[in-house]
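All remarks here apply to the structure that follows.
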Amino acid sequence: MQPRFGHTDMRKGMQGLALLVQEGLGRDPYASDVFVFRGRTGTLIKAPWHDGVGLSLYAKRLDRGRFIWPATVDGVVSLTAAQLGYLLETIDWRKLQRSWRPQSAG
């Protein structure tokens, strides 16, 4: 099975996405990693993960806008927990700036 990187068929449920992780990405879907997939329009993401007890599926559809998606190499990118949080909150984490920086200590 050859996955189409960049977007995923969002009709897939947790088992279908776990199979895509295993066969398409060559990774273990039960290793407690979170794998995030997006649909063609960029307004829907699904994230299957295994917590050691069972497989769960997180899904989020935006009412407005699109998810800021990172550039991928071979369809895969690793994100920090902070970057994942920004992605889920639709914050453009590629252009982060300090909101305020002190000018002096006194």
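FYI, it's all coordinate maths here, none of it is from the lab. If you're wondering where the values come from, they're calculated on a predicted model, not measured in any experiment. Positions of Cβ are backbone-derived with ideal geometry, glycine not excepted, and every protein chain shown enters the neighbour counts.
Tabulated data
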item	result
Amide H contacts under 5 Å for THR8, placed H, 5+ residues apart	ARG38, GLY39, ARG40
Label-point gap, in nm, between ILE91 and ALA105 - each point 7 angstrom along Cα→Cβ	2.8 nm
Difference of contour (0.36 nm per residue) and Cα-Cα distance, ASP28 to LEU79	16.7 nm
Share of alpha-carbon pairs per 5 Å distance bin for the stretch 17-106, given as whole %	3, 11, 20, 22, 18, 10, 6, 3, 3, 2, 1, 0
